[in-house]
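K.L.:
Quick one: structure below, then a few questions.
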Amino acid sequence: MLPDAGIPEGPIADKWDSHKFNVNLVNPANKRKFKVLIVGTGLAGASAAATMAELGYDVEVFTFHDSPRRAHSIAAQGGINAAKNYRNDGDSVYRLFYDTVKGGDYRSREANVYRLAEVSVNIIDQMTAQGVPFAREYGGLLDNRSFGGAQVSRTFYARGQTGQQLLIGAYQQMMRQVGLGKIKLHTRMEMLDLVVKDGSAQGIVCRNLTTGDVTSHSGHAVVLATGGYSNVFYLSTNAMASNVTAAWRAHRKGAYFANPCYTQIHPTCIPVSDDFQSKLTLMSESLRNDGRIWVPRDRDDNRLPQNIPEPERYYYLEEKYPAFGNLVPRDVASRNAKTVVDQGYGVGPAKNGVYLDFADVIQRDGRDVVEEKYGNLLQMYERITGEDPYEMPMRIYPAVHYTMGGLWVDYNLMTTIPGCYAAGEANFSDHGANRLGASALMQGLSDGYFVLPTTISNYLADKLGTQPLSTDDEVFQKAERDVVDRVQEFLSIGGTKSPEYFHRELGKLVWEYIGMARNENGLEKAISEIRALRDEFWKDLRVLGTKDTLNSSIEKAGRVSDFFELAELMARDALTREESCGGHFREESQTEEGEALRQDDSFAHVSAWEWHDMDTPQTEHREALEFEYVKLTQRSYK
Amino acid sequence: MSNTLNLTLQVWRQPSTNAAGTFETYQAHNISDDASFLEMLDIVNERLIEDGKIPIEFPHDCREGICGTCGVMINGRAHGHEKGTATCQLHMRKFNDGDTIVIEPWRAAAFPVVRDLVVDRSPLDRIIEVGGFITAPTGTAQDANQQPIPKEVADSAMDAAACIGCGACVAACPNSAAQLFTSAKVWHLNSLPQGQAERYKRAESMVETMEEFFGSCTNHGECSEACPKEISLDFIAYMNKDYIKSKVKNRRMSSQI
């Protein structure tokens, strides 16, 4: 049974306020009696840790990085949305809420999204107070840019490094608490199990990546702020170490995993160049503000792009979607790129990209203006491809970038395991089937700064006077033994192929069958092929070296083994959802024009999957989505 | 179209912090010049694993030049010879067929080797935790546009804030000094109106913590030269100015004389 999501009663604009009044509180003097373990130091983890420590909780933080400043939130480029209406262009909390639900293709909870839009304005205030150097105009006030899926300008940014500046802001706020002794920081510690007793979370088991030591940590509550699972595709824009292990281990201990098939393909990445490629690089969506996307009308046009005259260029987004043009949401832009490339219009040596052209804006505003706005992105492109984007259009193609699915959480961000919370990309809650640009940073900080620190007391209040479970308890001891055995097993298989090999092969299957377009046959094939590859992994894996020093092969093997199990669930979820919505495109369900066709009568729900054991497939539980405020329509960006 | 390179690598191998290290030589054949430097190491590692040899540990994560995890000495230069480029963004087209490439970890007493090319840079976090922040607990902020900040000031703060904390400045410095890293953070925060309340306390505590771990600056300028974000040496001068002033302006001192 899926627990009640606990959405507060009342008009949508009052729900969060009334909920804040109704949650159980812990008095300031008692907060230090509660230990909260936070796993992950990205935007959600760092902001939650800083805020809870400021409130007085006893906080311990865990990251597998060498420093908490490295989390992958740092790579977000374009910006962060907030309903400030500083442009006076008709923006409001309600409009941001509406755009986000619509952009998510009506597969998110209204109440959660409204809360996100509501606190978005506080995030900008908070980060500015932290000293985040947002872009400003000459008058000294904050600048905004536009982003896909919105017709107002509400995106705040810090050059092309918004994620870096926000993450460093949250990191600094957290480090202040470390310096004050309010937070105990554990670096190079990877969470490898969640410990549950009597139905509630008691703590975690970690492996020290430098020494190999396996240790237990116990607390009154556990927060997983461990990011998304895009790396199940092997090639994605995520950092190399980003993985699903913490969330997956919680899933195996009873946390339901929601909507795993909702994965986002970002439209503007640098196309794959060769087999050795280890990751894909994103070019911020903000480039679509000024760049124009096109392919030659003649499939065999071999001229340099700058020599192809205007009438012979196919600006397919501008032609098909006159209202939004190049600023259609990500899923629409990505699918259209795939369509033209599949039809043979692709450009570049492998004919696997489309052009993103800055010639018009450079002519209109001058090179200096373009350099000021996008300089670091264009420079990054030049480094990777060896081509100068000021002279020649960039080549781009979609790549996996973000995962909307994640651990199921209620309105308090608690998973189905009492005492275990999920925040940021690790949960499923706010983006439905597709995330709008500049909304990931907003959600991570919303969860960490404003939601969790408020809602967690509702659970903790009852625990006053209790001590965290002793790590000598048998549940901790068993979890430790399981982790040690698993590491030992990787080392003792003694096969012939590296973890990297299996990851790459798995990624090819996931991209082929659970990528931008999915169908029943493909998904069934995916399940059987993923299983076969997983069997091979457990028979033929080669991990060299020892377990008592830094050994990235051990780390990788553990992460890949969890990706296998996740990939299978993604396929099953995609198979069950016989509709297209947002990032999930089932070929069987499309309009005559080839757009995603939702089936609201049958699929306006969240699918939350319950783990049983390795031999029994997960069971699906459904949470119906009710829409009181937003009118469900076929999305149209024409 | 891409070409392939045949390279000889001399790589520092060290099993753990306290074990002795040594250079090992590896042949890296048929490397596409479209590969990044780290992808070249990936290929070498896959071949080592095939041969039953323990792969080289090297630091890396985002591979797009922003997380600051990566960084090795390449032919004696931090992040290699291409200016303003982190190791992960260095591509093999910048090398020639037949080259010998010497790859070492960051060299600094404050950064002990963890294994092979991976070092421990945690002293940089210690500098941040004593003052690299603006005290603004969640919930206390005013509306963001209440306080206009001249564009030039915001831009200059952003120039400093672009630091990725990779530690190349320390590795490149003959004295293993961390002035560029520290001053980038000091100036980011001290130049902004929001940072004024703690300005001198920040300069003092960050500089003094830095000096517990790192060497002293003698204005060689190697740090800025090696910096993948091309952070300006000017920030060191600004930091020194604030540090000197802190000794008279710090109100903590005023009643103790």
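K.L.:
If you go through segment A:184-206, how many residues are surrounded by 24 or more Cβ atoms within 10 Å (Cβ to Cβ) and either within 13 Å of chain B (Cβ to nearest Cβ) or of a type in the set (S, T, N, Q) (or both)?
P.N.:
Count: 1.
K.L.:
Among the residues of segment A:13-57, what is the count of those that are surrounded by fewer than 24 Cβ atoms within 10 Å (Cβ to Cβ) and at positive phi?
P.N.:
The qualifying residues number 1.
K.L.:
In the set A:GLN443, A:GLN467, A:GLN488, which member is more than 14 Å from chain B (Cβ to nearest Cβ), modelled with pLDDT of 95 or more and surrounded by 24 or more Cβ atoms within 10 Å (Cβ to Cβ)?
P.N.:
Step by step, each of A:GLN443, A:GLN467, A:GLN488 is checked, and only A:GLN443 is more than 14 Å from chain B (Cβ to nearest Cβ), modelled with pLDDT of 95 or more and surrounded by 24 or more Cβ atoms within 10 Å (Cβ to Cβ).
K.L.:
Quick check on my filter: what residues within segment B:67-92 are surrounded by fewer than 24 Cβ atoms within 10 Å (Cβ to Cβ), closer than 21 Å to A:PHE276 by Cβ and within 15 Å of the chain's Cα centre (by Cα)?
P.N.:
Those that are surrounded by fewer than 24 Cβ atoms within 10 Å (Cβ to Cβ), closer than 21 Å to A:PHE276 by Cβ and within 15 Å of the chain's Cα centre (by Cα): B:ILE74, B:THR85.
K.L.:
Considering only segment A:116-150, how many residues are touching a residue at least 24 places away in the same chain (Cβ under 8 Å) and over 19 Å from the mean Cα position of the chain (by Cα)?
P.N.:
So the count comes out to 19.
K.L.:
Would you mind finding the one in B:ARG63, B:ARG47 that is surrounded by fewer than 18 Cβ atoms within 10 Å (Cβ to Cβ) and not β-branched (Val, Ile, Thr)?
P.N.:
B:ARG47
K.L.:
Another question, if that's okay. Exactly one of these conditions fails for B:ASN250: (1) touching a residue at least 40 places away in the same chain (Cβ under 8 Å); (2) under 18 Å from the mean Cα position of the chain (by Cα). Give me its number.
P.N.:
It is condition (2) that B:ASN250 fails.
K.L.:
Now for a different question. Filtering segment A:126-141 down to residues that are of a type outside the set (A, V, I, L, M, F, W, C) and surrounded by 20 or more Cβ atoms within 10 Å (Cβ to Cβ), which residue is nearest to B:PRO150 (Cα to Cα)?
P.N.:
Looking at the filtered set, the residue picked out is A:ARG136.
K.L.:
Return the residue satisfying two criteria in turn: it lies in segment A:518-560 and is within 27 Å of A:ASP485 (Cβ to Cβ) and of a type in the set (Asp, Glu), and of such residues it is nearest to the other protein chains (Cβ to nearest Cβ).
P.N.:
Looking at the filtered set, the residue picked out is A:ASP548.
K.L.:
Could you say whether any residue in segment A:108-121 is within 30 Å of A:LEU280 (Cβ to Cβ), modelled with pLDDT of 95 or more and within 14 Å of chain B (Cβ to nearest Cβ)?
P.N.:
Within segment A:108-121, one or more residues are within 30 Å of A:LEU280 (Cβ to Cβ), modelled with pLDDT of 95 or more and within 14 Å of chain B (Cβ to nearest Cβ).
K.L.:
How many residues does segment B:42-66 hold that are within 7 Å of another protein chain (Cβ to nearest Cβ), under 17 Å from the mean Cα position of the chain (by Cα) and not acidic (Asp, Glu)?
P.N.:
Total satisfying the criteria: 5.
K.L.:
OK, next. Could you count how many residues in segment B:28-41 are aliphatic (A, V, I, L, M) and either within 9 Å of chain A (Cβ to nearest Cβ) or free of Cβ contacts under 8 Å to residues at least 12 places away in the same chain (or both)?
P.N.:
The qualifying residues number 4.
K.L.:
Would you confirm whether any residue within segment A:262-269 is polar (S, T, N, Q), assigned to a loop (DSSP other than H, G, I, E, B), touching a Gly at 6+ places or on another chain (Cβ under 7 Å) and at pLDDT 95 or above?
P.N.:
Taking every residue of segment A:262-269 in turn, none turns out to be polar (S, T, N, Q), assigned to a loop (DSSP other than H, G, I, E, B), touching a Gly at 6+ places or on another chain (Cβ under 7 Å) and at pLDDT 95 or above.
K.L.:
Just give me the residues in segment B:96-132 being away from chain A (no Cβ under 13 Å), assigned to a loop (DSSP other than H, G, I, E, B) and buried (at least 21 other Cβ atoms within 10 Å of the Cβ), in sequence order.
P.N.:
Correct list: B:ALA108, B:ALA110.
K.L.:
Let me ask another. Could you tell me which residue of segment A:324-348 is surrounded by the most Cβ atoms within 10 Å (Cβ to Cβ), considering only residues that are assigned to a loop (DSSP other than H, G, I, E, B) and modelled with pLDDT under 90?
P.N.:
A:PRO329
K.L.:
Would you tally the residues in segment B:159-179 being within 8 Å of another protein chain (Cβ to nearest Cβ) and over 18 Å from A:GLN126 (Cβ atoms)?
P.N.:
Adding up the residues that qualify gives 3.
K.L.:
For A:ALA76, are the conditions met, namely being within 12 Å of another protein chain (Cβ to nearest Cβ) and surrounded by 24 or more Cβ atoms within 10 Å (Cβ to Cβ)?
P.N.:
Answer is yes for this residue.
K.L.:
Another question, if that's okay. Within segment B:42-84, can you find the residues that are under 18 Å from A:GLY545 (Cβ atoms) and touching a residue at least 40 places away in the same chain (Cβ under 8 Å)?
P.N.:
Listed by number, the residues that qualify are B:ILE56, B:GLU57, B:PHE58, B:PRO59.
K.L.:
Also: Could you check segment A:561-578 and list, in sequence order, the residues that are of a type in the set (A, V, I, L, M, F, W, C), over 17 Å from A:SER607 (Cα atoms) and either surrounded by fewer than 24 Cβ atoms within 10 Å (Cβ to Cβ) or within 14 Å of chain B (Cβ to nearest Cβ) (or both)?
P.N.:
Scanning segment A:561-578 gives a single hit, A:PHE564.
K.L.:
Also: Which count do you get for residues in segment A:274-306 that are exposed (fewer than 12 other Cβ atoms within 10 Å of the Cβ) and either under 11 Å from A:VAL347 (Cα atoms) or basic (Lys, Arg) (or both)?
P.N.:
4
K.L.:
Can you give me the number of residues within segment A:270-309 that are assigned to a loop (DSSP other than H, G, I, E, B), within 34 Å of the chain's Cα centre (by Cα), away from chain B (no Cβ under 14 Å) and not small (Gly, Ala, Ser)?
P.N.:
Within segment A:270-309, residues that are assigned to a loop (DSSP other than H, G, I, E, B), within 34 Å of the chain's Cα centre (by Cα), away from chain B (no Cβ under 14 Å) and not small (Gly, Ala, Ser) number 1.
K.L.:
Tell me, please, whether a residue that is in a loop (DSSP other than H, G, I, E, B) and without any contact (Cβ under 8 Å) to a residue 24 or more places away in the chain can be found in segment A:181-196.
P.N.:
For segment A:181-196, residues in a loop (DSSP other than H, G, I, E, B) and without any contact (Cβ under 8 Å) to a residue 24 or more places away in the chain: present.
K.L.:
Here is a follow-up. Restricting to segment A:142-152, give me the number of residues that are crowded, with 16+ Cβ neighbours inside 10 Å and either over 17 Å from A:LYS373 (Cα atoms) or more than 14 Å from chain B (Cβ to nearest Cβ) (or both).
P.N.:
Going through segment A:142-152 one residue at a time, the tally reaches 7.
K.L.:
With segment A:474-569 as the region, which helices (runs of 4 or more DSSP H) entirely inside it contain at least 3 residues that are closer than 27 Å to A:SER218 by Cβ?
P.N.:
A:474-493
Yes or no, residue by residue, for (1) closer than 30 Å to A:SER580 by Cβ; (2) part of a helix (DSSP H, G or I):
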| site | (1), (2) |
| --- | --- |
| A:GLY45 | no, yes |
| A:THR51 | no, yes |
| A:VAL59 | no, no |
| A:ARG87 | no, no |
| A:ASP99 | yes, yes |
| A:LYS102 | yes, yes |
| A:THR128 | no, yes |
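The values are calculated or read from the model by the stated rules, or taken from the named source; none is laboratory data. Not measured: the values here are computed from a predicted model. Neighbour counts are summed over all protein chains in view; Cβ atoms, including those assigned to glycine, are modelled from backbone coordinates with ideal geometry.
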